[in-house]
Ligand SMILES: *Cc1c(COP(=O)(O)O)cnc(C)c1O
């Protein structure tokens, strides 16, 4: 078979299994009401949880930074790409996360690759939740450390695996909030296990920063945990913070290791001024106006009630990620399609993003949705679910 035939066969197999992926075109404009493949829709799928990507203060900050410093940073942070604004943002992140230090990456994905592959290596042990995000899984693989996977959320099993003899470093790695299930990791138990076993606890707060905790500081704030030196926090500006860019907040020692060893930090161009300025403005806004987090919480509760009233139960009991379990990949696609015809867009999540047989519709709520929006979404979903016989 020729190379082209091999590739074509792989694609057609994915197609037949209902697993082929296609780009949907969203826009023009921003916010929860947009065109999706040419039909006006209510978006129930964005991770822009606080609606900050449309906030005038972020837009003005990005514009001013581009005008003052240009659109590109020209080199790696370690060559000539590092500016005062990068350092200032990192100080702001450390203060927000109550850590000694922080490092900013171009994306959260790159932060996770750099974090895991520079802290762990051959001879080390990483213990990882089965439902951890793909970027953590890829970071584990890249590290070449021994990787042991524990059943989702089971701290006892995590500790058993951590207790294995290991001459080097031990890392316990988890999402703070799981991206496809919307539930929280049992951080108090995981932290206790990590402490007893002399491991560092790595928490990916991509979906918790700006959302969980009274001040939106993330899952540690939610659980009332003081981030000691054995916790390494990771997060992103691409979700509730309305922009782009990953970060690691940790002890000075850990941050110094990343700066020296994280290849996704060293061998890439520094984030450009507009990205850094928008990130900084978002963090400032979150500190000054934490009411958006309460607003988001009210709306999450409202959508849950509206769905329950229609007999639709979701996997999570709180927070802006509301997964509606469907099962088969094709049926999840049919439901998403029926919903789109009703003027609401939420994508079907299928393997390998979720385990086989657990395809689902992943609905998200943002602070930018109105009560009328949520009622419209719940009605549309009720109709779409009947249409496909769910
Ligand atoms: C989105 C996400 C990331 C990656 O963040 P980006 O900034 O979008 O690259 C990492 N971890 C989790 C859990 C995520 O949901």
Once the piece of chain linking residue 259 and residue 33 is laid out straight, how much longer is it, given 0.36 nm per residue of separation minus the C-alpha distance between them? 77.3 nm
Using Cα pairs closer than 8 Å and at least 6 residues apart in sequence, work out the relative contact order for the range 268-390, in percent. 27
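Please rank 236, 71, fewest neighbouring Cβ atoms within 10 Å first, as an exposure proxy.
71, 236
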Considering only DSSP beta bridges where both residues belong to the chain, give the percentage that are antiparallel (nearest 5). 55
Most exposed to least, judged by fewest other Cβ atoms within 10 Å, 365, 388 sort to 388, 365
By average C-beta atoms within 10 angstrom, highest first, the peptides 10-17, 287-294: 287-294, 10-17
Most to least packed among 201-207, 251-257, 183-189 [average Cβ atoms within 10 Å]: 201-207, 183-189, 251-257
When all alpha-carbon pairs of the range 242-390 are counted, what percent fall beyond 27 Å? 43
At R0 = 30 Å, FRET efficiency that the Cβ-Cβ distance of residue 71 and residue 40 yields, to 0.05: 0.40
Sorted largest first, extent of the chain alpha carbons per principal axis (Å): 56, 53, 51
So what does the Cα-only Debye profile of the range 1-60 read at q = 0.21, 0.29, 0.30 Å⁻¹, as log10 I(q)/I(0), no solvent term? -0.86, -1.14, -1.16
Out of 112, 260, 379, any idea which swings most in a Gaussian network model of the chain, alpha carbons joined below 10 Å? 260
Counting DSSP beta bridges in the range 117-250, what percent are antiparallel, to the nearest 5? 20
Global size of the range 1-157 as Cα Rg and Dmax, reported in angstrom: 21.3, 58
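Using only the Cα atoms of the range 187-293, build the gyration tensor, take square roots of its eigenvalues as a ≥ b ≥ c, and label the shape rounded, prolate or oblate: rounded if a/c is under 1.5, else prolate if a/b is larger than b/c, else oblate.
Oblate.
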At 222 nm, what helix-only mean residue ellipticity would the chain give, in deg cm²/dmol to the nearest 500, using -39500 (n - 2.57) for each DSSP H run of four or more? -13000 deg cm²/dmol
Starting from the eigenvalues of the Cα gyration tensor, five times each then square-rooted, give me the equivalent ellipsoid semi-axes of the range 84-146, largest first, whole Å. 26, 12, 11
Taking 174, 107 and counting other C-beta atoms within 10 Å, the order from fewest to most: 107, 174
Using alpha carbon centers only, the range 115-135 is separated from the range 8-27 by a whole-angstrom value of 30
Using alpha carbons only: equivalent-ellipsoid semi-axes of the range 288-360, gyration tensor based, whole Å: 25, 14, 12
Want the number for residue 57 to residue 9: 0.36 nm per residue separation, take away the alpha-carbon distance, what's left? 12.4 nm
Expressed in angstrom and rounded, the centroid-to-centroid distance over alpha carbons for the range 64-106 and the range 316-344 is 38
Before anything else, pin down the relative contact order of the chain: Cα pairs under 8 Å, at least 6 apart, normalised by residue count, whole percent. 22
What does the C-alpha gyration tensor say about the overall shape of the range 41-134? Classify as rounded when a/c is under 1.5, otherwise prolate if a/b is larger than b/c, or oblate. oblate
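A short reminder: the numbers here are calculations on the coordinates, not readings from a lab. In this text, all values refer to a predicted model and were calculated from it rather than measured experimentally. Every residue, glycine as well, gets a Cβ built from its backbone with ideal geometry; the counts of neighbours run over all protein chains shown.
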